[in-house]
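A short worksheet on the structure shown next.
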Amino acid sequence: MKEYKMAKGWAIFIFIFAPLLIGLFSMPILLLFIPSWRTNETAEFFWFAIPVSIAMIGLMIAGVADTIVSKVILTDQSIDYKNILFSRSIKLNEIKGFRIDDKSLIIEAKTPGVKRIKISKYFGNLGELVDILASKYSDLDELEMGDSYQHIIEDNTFGFSVAERQTQFHNARLSTKVLNWVAGIIAAWTFFYPKPYLAAIIASMLCPIAAIVLVKLFKGLIHIEEKKNSTHPSVFLAFFIPSMALFLRAMLDLNIYDFEKLWWLLPLVALPLSAGLLLGNREFDWQKGQSFLMALVVLGITLAYSYGAILCTNCALDQSNAAGFHAQILDKDKTTGKTTTYYLSLEPLDFDYPIDEVQVDKVTYQRLNKGDTVRVLFFEGRWGIPWLEVRP
């Protein structure tokens, strides 16, 4: 018999930090019962903080208890798992195989109705247990990947002979690998250093279209969705990352003051792209809910792509004559997060252009001060979507 428990390092970590967190979350309760400790806490604070504190204290206590109780026992007859909530057991002759993901070792049974055992990777000597299982049972992920590849090799859609289908599979993997890498580089270029601007925008626009073309050319051998244990090459990165780069560029760079025309153009671009990818695609089984969920993901990405592509080209290709106004800076502001966005609050402008806050780049933001006067240029937009630009 072998017994496996939480790794000592993790157990010590939990035993030290759980009491400290319990003490921290006990403070609102102590403040409630010791008025002299209070500063300016309101009744609303206690209505919110007390339930949260009780819940977190309970969670910490449960974590400590689970660290003490949880264990895996391997005998000559079965493998057993116990934690504070439940116990599970699978007989050794009923084990179908195992899987390993980022967080767990999962043991599955052949017998219907017998629940799988999921063991956290924080257990000690788990590698030893994996070696024991691997010596007697199959890695189910590897089996499923083998089945997926065999299905491709046997599918006449991808070629008339096994050799032809193997060649198609090799070409599909190479094509997707190249396109995904190129798309990643172009997306990084577009997001971090889009110069020349129009070239970066057009390159990012072409990547998702190239992904759709590849899916169509390989007749379902290449997938959009990257599924676990599937050997079908995926172009999801080439479809997704440049679309997000376009969307973020439009959000960060442009001051659009009338979106009405955009809402008309958006479906005219997004819907044909989505339809071109989804319709006639063997990847999607419309009798399964998962395909509908993925279709919604595709629609969301094409909407983001269309938003960025329309607005960026609307401004980059605009050759209209600008209408100029002068305005005084009333205030400066910026929002920080993964990116920093800079704003200037301006005095009210002409009635035809009802805008009082504009987004600017970092250099312009640092150069200008409150009370300075700036020139605001209004453009018609290449696609009829009005936008503006602020210049010192």
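Report the per residue volume, in Å³, of the convex hull enclosing the C-alpha atoms of the stretch 1-158.
Considering the Cα atoms of the stretch 1-158, their hull volume per residue is 195 Å³.
Send over a whole-number figure in Å² for the accessible area per residue of the chain, probe 1.4 Å.
58
Could you work out the percent of alpha carbon pairs in the stretch 133-195 separated by over 18 Å, rounded to a whole number?
Above the 18 Å cut-off, the stretch 133-195 has 60 percent of its Cα pairs.
May I ask for the distance between the Cα centers of the stretch 209-256 and the stretch 159-176, given as a whole number of Å?
21
With axes computed from alpha carbons, what is the tilt in degrees of helix 289-316 against the longest principal axis of the chain, rounded to the nearest 10 within 0 to 90?
For 289-316 against the chain, the angle is about 30 degrees.
What order, most packed first, do the peptides 52-59, 116-123 have when packing is the mean number of other Cβ atoms within 10 Å of each residue?
The peptides rank, most packed first, as 116-123, 52-59.
Under the 0.36 nm per residue contour assumption, what length would be gained going from the current alpha-carbon distance of Leu59 and Tyr343 to full extension?
Length gained between Leu59 and Tyr343: 98.0 nm.
Just to compare against my own numbers: the Cα pair-distance distribution for the stretch 11-58, 5 Å bins, whole % per bin, please.
For the stretch 11-58, the pair-distance distribution reads 5, 21, 27, 20, 13, 7, 5, 2.
Which pairs break 30 Å Cα to Cα here: Lys8/Lys110; Lys2/Lys227; Lys219/Lys261; Lys8/Lys136; Lys121/Lys228?
The answer is Lys8/Lys110; Lys2/Lys227; Lys219/Lys261.
Give the carbon-plus-sulfur fraction of the accessible surface of the chain in %, rounded to a whole number; probe 1.4 Å, heavy atoms of protein chains only.
Carbon plus sulfur share of accessible area: 61 percent.
Per residue Cα convex hull volume for the stretch 218-308, in cubic angstrom?
102
What order, most packed first, do the peptides 171-182, 125-136 have when packing is the mean number of other Cβ atoms within 10 Å of each residue?
171-182, 125-136
Give the share of C-alpha pairs in each 5 angstrom bin for the stretch 260-340, from 0 to the last occupied bin, in whole percents, shortest bins first.
3, 11, 14, 13, 13, 15, 11, 8, 5, 4, 3, 1
Among rounded, prolate and oblate, which fits the stretch 69-132 when a ≥ b ≥ c are the square roots of the eigenvalues of its C-alpha gyration tensor, a/c under 1.5 means rounded, and a/b larger than b/c means prolate?
In terms of gyration-tensor shape, rounded.
For the chain, restrict the atom set to alpha-carbon positions and state the Rg and Dmax in Å.
Both quantities, over Cα of the chain: 29.4, 85 Å.
With a 10 Å radius around each residue's Cβ, average the other Cβ atoms per peptide and rank 95-108, 233-246, 377-390, highest first.
So the order, starting with the most tightly packed, is 233-246, 377-390, 95-108.
With the convex hull built on the Cα atoms of the stretch 1-89, state its orientation-averaged projected area in nm².
7.1
With everything on Cα atoms, drop me the angle between helix 162-192 and the longest principal axis of the chain, reported from 0 to 90° to the nearest 10.
So the inclination is approximately 50 degrees.
With only Lys, Arg, Asp and Glu charged, each at its Cβ (+1 for the first two, -1 for the last two), find how big the charge dipole of the stretch 1-133 is about the Cα centre; round to the nearest 20 debye.
That gives the stretch 1-133 a dipole magnitude of about 360 debye.
For the chain, find the longest principal axis of its Cα atoms and tell me its angle to the long axis of helix 197-217, 0 to 90°, nearest 10.
Relative to the chain, helix 197-217 is tipped by roughly 40 degrees.
Calculate, for Thr167 and Glu357, the FRET efficiency according to 1/(1 + (r/R0)^6) with r their C-beta to C-beta distance and R0 56 Å; round to the nearest 0.05.
0.45
Given the rule -39500 (n - 2.57) for each run of at least 4 DSSP H residues, summed and divided by the residues of the chain, what is its mean residue ellipticity at 222 nm, to the nearest 500 deg cm²/dmol?
So the calculated ellipticity at 222 nm is -18000 deg cm²/dmol.
Enumerate the amide H contacts of Ser78 below 5 Å, restricted to partners 5 or more residues apart or on another chain; note that Pro and chain-start residues carry no placed amide H.
Leu92
The values are calculated or read from the model by the stated rules, or taken from the named source; none is laboratory data. Keep in mind it's a predicted model, so treat the numbers as computed, not measured. We place every Cβ from the backbone using ideal geometry, glycine too, and count neighbours over all the protein chains shown. Surface accessibility is based on the protein's heavy atoms, side chains included, excluding ligands, DNA and RNA. Shrake-Rupley method; radii C 1.70, N 1.55, O 1.52, S 1.80 Å.
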